[in-house]
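I have placed the structure first, in the form of structure tokens, so that the comments after it can refer back to it.
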């Protein structure tokens with residue numbers, strides 16, 4: 001597996017925000033979002049065997065692990081093996097994905113967080129994958145402007161999304177317009193900012 005980093009922190013986003021988490025960041029991505037905040041993980045990484053990664057994880061003995069990237073599903077075969085091992089020992093698992101690779105083979109082992117790419121990112125997700133989300137999965141829209149807000153609203157209107165929906169402003173942007181948009185449209189979403197950036201942890 002190509003691993004960018006393994007580290008402990010607080011989960012900064014999603015339904016488990018604020019929880020202690022072991023992050024396994026896989027290297028390599030098939031997108032280049034304009035506002036990507038982990039560009040260093042788009043390429044490179046250190047080659048590690050599944051057994052080596054598992055040994056590192058078990059040494060820290062986390063109750064909750066998040067696989068992120070890059071795009072972790074580009075290494076789906078190895079990721080599935082590792083996730084199955086951790087699931088078997090009772091570890092709670094989240095997988096963060098950009099929604100361009102089918103994730104259904106991982107759902108028996110993990111909750112999926114699908115990050116739907118909005119126009120400001122310069123990229124596109126496979127919107128059809130939203131129909132595969134379960135109640136324990138989540139979807140996130142990182143939004144920057146009115147065009148993004150409208151795109152996200154249109155997407156959640158057209159799809160019966162089973163999981164919880166998050167609207168998150170691009171870091172450093174003005175939060176006010178997004179809050180007003182959510183309130184004015186009475187949207188069934190949760191507004192969320194990136195906690196880890198606010199408190200200054202990785």
- request: Using 0.36 nm per residue of separation minus the Cα-Cα distance, give me the extension gain between residue 56 and residue 78 in nm, one decimal.
  value: 6.4 nm
field: Distance between the range 110-188 and the range 54-75 - C-alpha centres, whole angstrom
entry: 25 Å
message: Using helices alone, I'd like the mean residue ellipticity at 222 nm for the chain: each DSSP H run of four-plus residues gives -39500 (n - 2.57), total over residue count, nearest 500.
response: -7500 deg cm²/dmol
query: Which value, to two decimals, describes the C-alpha radius of gyration of the range 1-139 once divided by 2.2 N^0.38 Å?
result: 0.98
- request: Report, to the nearest 10°, how far helix 50-60 tilts away from the longest principal axis of the Cα atoms in the chain, using its own Cα long axis and a range of 0 to 90°.
  value: 80 degrees
message: Less than 19 Å from a label point 7 Å out along the Cα-to-Cβ axis of residue 195: which backbone N atoms in the range 175-189 qualify, by residue?
response: 189
- prompt: Which whole-number percent of Cα pairs in the range 163-202 have a distance greater than 11 Å?
  reply: 67 percent
Mean Cβ neighbour count within 10 Å, used as a protection proxy, ranking 41-47, 12-18, 140-146 highest first: 140-146, 12-18, 41-47
task: Please work out the ratio of the alpha-carbon Rg of the range 63-140 to 2.2 N^0.38 Å and round it to two decimals.
output: 1.06
task: Calculate, axis by axis, the spread of Cα positions in the range 41-97 along the three principal axes, and write the results as whole Å, longest axis first.
output: 30, 21, 18
- prompt: On full extension of the chain, what length is gained from residue 158 through residue 49, given 0.36 nm per residue of separation minus the C-alpha to C-alpha distance?
  reply: 35.1 nm
message: Cβ neighbours within 10 Å, averaged per peptide: list 23-34, 147-158 in order, most packed at the top.
response: 23-34, 147-158
task: Please list 52-58, 111-117 highest first by mean number of surrounding beta-carbon atoms within 10 Å per residue.
output: 111-117, 52-58
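Each value in this text was obtained by applying a stated rule to the coordinates, not by laboratory testing. Keep in mind that this is a model prediction, so the values were computed, not measured. Don't worry about glycine lacking a Cβ; one is built from the backbone with ideal geometry, like all the others, and counts go over all protein chains shown.
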